[in-house]
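Take a look at the structure below.
The values are calculated or read from the model by the stated rules, or taken from the named source; none is laboratory data. This one's a predicted model, so the numbers in the text were calculated from it and none came from an experiment. Neighbour counts are summed over all protein chains in view; Cβ atoms, including those assigned to glycine, are modelled from backbone coordinates with ideal geometry. Heavy atoms of the whole protein, side chains included, go into the accessibility calculation; ligands, DNA and RNA do not. Shrake-Rupley method; radii C 1.70, N 1.55, O 1.52, S 1.80 Å.
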Amino acid sequence: MKLKRLSLPMLAVVLLGVLAVSCSKERKLLDAIPSTVEQAGVIRLKTALEQAGCKYENGQAVYPSGIEATERLAAIVEAVGKLDEAGICNPDETAWTVGDKQMLVMTMLVSDKAKFKDVTAGTIEWSDETGDYSCGVAGGMSVLLDSKQVWFVDASPSDAVGIVESMSKDAEKSSLASMTGIAQLLESDNLLNVVVRQDFAADAKKKKDKKEAKGENPDLETTWATFTSNVKDNKLVGSSSFIKADGKPVAFKGLKEMNPAVLAYVPESFNVAFGLGVSPEFDWSIVTKSVGAVGGFQTQAMLSVITPYLQSIDGTIFLAAGPANSEAYTDLDPGNWHFVMMVSLPQKKINDIMGMVRSSLFMAGVSPKEYKDGVMIVPQYGMNLYMGNVDGYLAVSNMPFEPNRQNALTPVFNGKNGALYVDLPTLKEFGYMLPDFGVKLSVQVNSDNSTMELGLNGSDRPILEAILTALL
């Protein structure tokens, strides 16, 4: 009996302890971001600025040589330095989001509101109090501060309060913090973490309200595209994937391994290449909708003609190019570049396309020449286009097809569902406003993820510093 009597007060103490812990739950950065946003991210802002050459020394912001800081950059660097030094915020835990009104919002947790205002008095122009918020302006952005969090909103002060209050209200119903997979990715230890929902926020909110009214959990059905990035060996490296809200990976339908045999047609001088392995299940609407949206009536008419051919592709799509002469970068005329394009299509489809090309040429008064093995030569744009059936591919090139060429593309493309390779010696040739350095980019696509690596040619500066200098 004594044991039973003692167990009741002990149980009460345990319950009170549990309640106390649950009521004093520490606020998380993602608690204030609703799950209906179109995109969101978390950036290690202080680390990123330091790697870009921006520092805060003796109360002053210091920028790398060659940079004339904009008003917004200056405000951000100064605020980050002061806040980090004072220990009021952790700038390496900065979240940003874009909602259905396309407004950029950045936010950080704050440990002391009064001290925050004192420390940033010279950087943020504080004005009045609106409800729970202290309002200010910095770098052209509105600043809202409450007892636990600060928001930087890319909107006028009169609109900023409504935007933040709407976000907070929606986040109380369902926040990114409640979506375990999304939260885990955004909080992972990378320089940058980004998630982008695959349906528009406004539509998602309507669907969410309807499903919640039925007692369903719509968050688990949403697919998110993710991207993470870091700096390694002075290169930007990143990875991306598709996941559900709980973190379950989603494979991209319609992808298959590329056929590396197409690489044998690429000369060593080619420095741009793209390839993708697809099956008839591939959703071409992702491409056609994007192209159709920016094109006019003629573009949409062309898409309606080629879409059936796209949907019949069952294999590799490949495109590669390289400079044909010294004017390739200063004049992007097709005659200054060599290229080869190969698309895996059924024999009948290839015959249909070749028939349409011959008919069109005949009506235009152009007589193609037969080259060899089903390949014809078409004089166009001041050069010869080689077109025909090459090893089961519809192939087009402005140089003869030779299947024994050498290049360094195999490590990038072999065994992948898709890949992109770009190696440009300098960007200056494309425009006098562009930087002297070039870029070397490789992207590799697998069935459920992709990876990226970006380096700079001809630059010894830290990569983020070089990019920031070029942008400014």
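Within the stretch 371-382, does at least one residue satisfy the condition of being out of contact with any helix residue (DSSP H, G or I) (no Cβ under 6 Å at 6 or more places or on another chain), in contact (Cβ under 8 Å) with a residue 24 or more places away in the chain and in the same structural domain as Asp436 (by the TED database)? Talk me through it step by step, then tell me what you get.
As a first pass, look at the stretch 371-382 and keep what is out of contact with any helix residue (DSSP H, G or I) (no Cβ under 6 Å at 6 or more places or on another chain): 371-380.
Checking the rest, the ones that are also in contact (Cβ under 8 Å) with a residue 24 or more places away in the chain come to 371, 375.
Remaining after also requiring in the same structural domain as Asp436 (by the TED database): 371, 375.
Yes, the conditions are met somewhere in the stretch 371-382.
Select the strands (runs of 3 or more DSSP E) contained entirely in the stretch 296-379, then report the ones holding at least 1 residues which are farther than 30 Å from Lys253 by Cβ and under 38 Å from the mean Cα position of the chain (by Cα). Break it down stepwise before answering.
On the way: elements: 315-323, 337-344, 369-372.
Hits in the stretch 296-379: 315-323, 337-344.
Looking at Glu85, Glu50, Glu93, just one residue is on the phi < 0 side of the Ramachandran plot and modelled with pLDDT under 90, and that residue is Glu85.
Are any of the residues in the stretch 365-378 modelled with pLDDT of 90 or more and among the aromatic types (Phe, Trp, Tyr)? Within the stretch 365-378, none of the residues are modelled with pLDDT of 90 or more and among the aromatic types (Phe, Trp, Tyr). Scanning the stretch 231-238 finds no residues that are modelled with pLDDT under 95 and of a type in the set (Gly, Ala, Ser).
The residues of the stretch 427-459 that are assigned to a strand (DSSP E or B), touching a residue at least 60 places away in the same chain (Cβ under 8 Å) and open to solvent by 60 Å² or more (accessible area, probe 1.4 Å) amount to a single one, Glu453.
From Ser178, Ser134, which residue is modelled with pLDDT of 90 or more, within 19 Å of Glu221 (Cβ to Cβ) and either in contact with a Phe, Trp or Tyr (Cβ under 8 Å, 6 or more places away or on another chain) or surrounded by fewer than 19 Cβ atoms within 10 Å (Cβ to Cβ) (or both)? So that I can check it myself, show each step before the final result.
Values: Ser134 fails: within 19 Å of Glu221 (Cβ to Cβ).
When all the criteria are applied, what remains is Ser178.
The set of residues in the stretch 436-472 that are of a type outside the set (A, V, I, L, M) and closer than 16 Å to Lys232 by Cα comprises Lys440, Ser442, Thr451, Glu453, Gly455, Asn457, Ser459, Asp460, Arg461, Pro462, Glu465.
The residue list Lys440, Lys416 contains one member that is modelled with pLDDT of 90 or more, under 18 Å from the mean Cα position of the chain (by Cα) and among the basic types (Lys, Arg), which is Lys440. Taking the stretch 148-173 as the range and being part of a loop (DSSP other than H, G, I, E, B) and at pLDDT 90 or above as the test, only Lys148 passes. In the stretch 340-351, of all residues being touching a helix residue (DSSP H, G or I) at 6+ places or on another chain (Cβ under 8 Å) and either open to solvent by less than 40 Å² (accessible area, probe 1.4 Å) or of a type in the set (Asp, Glu) (or both), the one that is farthest from Met383 (Cα to Cα) corresponds to Leu345. In summary, Ala419 fulfils each of the numbered conditions (1) assigned to a strand (DSSP E or B); (2) open to solvent by less than 30 Å² (accessible area, probe 1.4 Å); (3) without any contact (Cβ under 8 Å) to a residue 40 or more places away in the chain with the single exception of condition (3).
Residues are listed down the side, and each one gets a yes or a no for (1) under 18 Å from Met258 (Cβ atoms); (2) out of contact with any Gly (no Cβ under 6 Å at 6 or more places or on another chain); (3) buried (at least 16 other Cβ atoms within 10 Å of the Cβ):
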position: Ala321; (1), (2), (3): yes, yes, yes
position: Ile353; (1), (2), (3): no, yes, yes
position: Leu361; (1), (2), (3): no, yes, yes
position: Ala408; (1), (2), (3): yes, yes, no
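When we screen Val357, Val343, Val378 for residues that are farther than 24 Å from Gly315 by Cα and β-branched (Val, Ile, Thr), the only hit is Val378. Apart from one condition, Thr228 fits all of (1) modelled with pLDDT under 95; (2) more than 14 Å from Val445 (Cβ to Cβ); (3) surrounded by 15 or more Cβ atoms within 10 Å (Cβ to Cβ); the exception is (1).
Given the options Gly122, Gly66, name the one that is open to solvent by 30 Å² or more (accessible area, probe 1.4 Å) and on the phi > 0 side of the Ramachandran plot.
Values: Gly122 fails: on the phi > 0 side of the Ramachandran plot.
The conditions single out Gly66.
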